[in-house]
1. Amide H to amide H, which residues 5 or more places from residue 68 or on other chains are under 5 Å from it, using H placed in the peptide plane?
2. Per-residue HN-Hα couplings for the stretch 20-25, Karplus 6.51 cos²θ - 1.76 cosθ + 1.60 at θ = phi - 60°, whole Hz, x for Gly and Pro?
3. Using 0.36 nm per residue, how much length does the chain from residue 31 to residue 146 gain when fully extended, once their Cα-Cα distance is taken away?
4. Where Rh is the Kirkwood radius over the Cα pairs of the stretch 140-184, the temperature 10 °C and the viscosity 1.306 mPa s, what D in µm²/s does Stokes-Einstein return?
5. Give a residue-ordered list of calculated ³J(HN,Hα) values for the stretch 107-117 (Karplus: 6.51 cos²θ - 1.76 cosθ + 1.60, θ = phi - 60°; whole Hz; x for Gly, Pro).
6. What net charge is computed for the residues neighbouring residue 133, neighbours being all others with C-beta under 15 Å from the C-beta of residue 133, Lys and Arg scored +1, Asp and Glu -1?
7. Output ³J(HN,Hα) for the stretch 180-193: one whole-Hz value per residue in order, computed from phi by the Karplus curve 6.51 cos²θ - 1.76 cosθ + 1.60 with θ = phi - 60°, and x for Gly and Pro.
8. Any chance you could run the full-extension gain for residue 6 through residue 23? It's 0.36 nm times the residue separation minus the Cα-Cα distance, nm to one decimal.
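The values are calculated or read from the model by the stated rules, or taken from the named source; none is laboratory data. Computed from a predicted model, the values in this text were never measured in an experiment. Glycine also receives a Cβ, built like all others from the backbone with ideal geometry; neighbour counts cover every protein chain displayed. In case anyone asks, the SASA skips ligands and DNA or RNA and just uses the protein heavy atoms, side chains included. Shrake-Rupley method; radii C 1.70, N 1.55, O 1.52, S 1.80 Å.
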Amino acid sequence: MLTQDQLKLAVAKKALEFVPEDAVIGVGTGSTVNLFIEELAGIKGRIKGAVSSSEASTARLKAHHIPVFDLNEVEKLPIYVDGADEINHHLHMIKGGGAALTREKIVAGVADEFICIADEKKYVAMLGAFPLPIEVIPMARSYVARELVRLGGHPELRQGVTTDNGNVIIDVHGLQIMKPVELEETINHIAGVVTCGLFARRRADVLLLGKQDGVDVLR
Ligand code: 5RP
C-alpha cells in the first residue's frame, strides 16, 4: 500500500516527462510541487528556468540554483505544473490550500498547458468537500463573507495568514459545486474578491493522477 506521500512523489517524477528542453516553465506551490522541484533540480541543465507562483516556491527553486524569471520577462510558458486540493472529471479544480491561488491563476493563464499533479484522494465527482479558498482585500472581508453566506456557503477567515499579495484568505465550507464555471464567475464579481480558488475557466489540460497501480494520464 503506497502512502499519499509516495503517490505525490510518483506524479512529481512523471511530470518530468512533460518538461520541454530549453524552455522557461511555470511552477506552482504546495507539497506535491515541492517534490517536483526536487526532481526538476536533477535536470535543471535542460531548462532555461522557471516562473514561480509563490515566494515559497521561488525560495526552493533558488536553493537549487534554478533561475527564476519574473512573469513580465517571459512571453511564453509551454507548461505550468501545479497540484490541486480537489479535481473533478472535467479537470476543474479547487486550489489555494497553500494560499497561493492568485499567482497560480495568473501563471496558469499564461501557460499553454496546465499539468496537474495529484494523488487519487483529490479526484472527486463533485467539488466542494474541500473548503473553497478565496483571496480577499482586507477591508472587504466582512462584506465578502456576507455575500458568500447569500450564496449558501459558510465562510471562515483563515487565521494568521497573509498572502504574498498582502491579502487575507476566506475558506468557504459547505458548497456543493455543481456549476464550477458559473460559481467562479459569480464569486470573482464580488467587489473585494481578488480571485477564488476555483480553476474552472482555466482548467487543467492534463491530470497526472497517482494511484496504487501507477500514474494515470488523463486529458
Ligand atoms: C496552493 C495550492 C496547492 O496546489 C494545493 O493546495 C495542493 O497542495 P498539496 O500538493 O500540498 O496537496 O493550490 O495554493
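1. 50
2. Those phi angles translate into x, 5, 6, 10, 8, 10 Hz.
3. 38.2 nm
4. 138
5. In residue order, the calculated couplings are 5, 4, x, 6, 6, 5, 9, 9, 9, 8, 10 Hz.
6. In short, -3.
7. x, 5, 5, 5, 4, 5, 4, 5, 5, 8, 6, 4, x, 7
8. 3.3 nm is the gain from fully extending residue 6 to residue 23.
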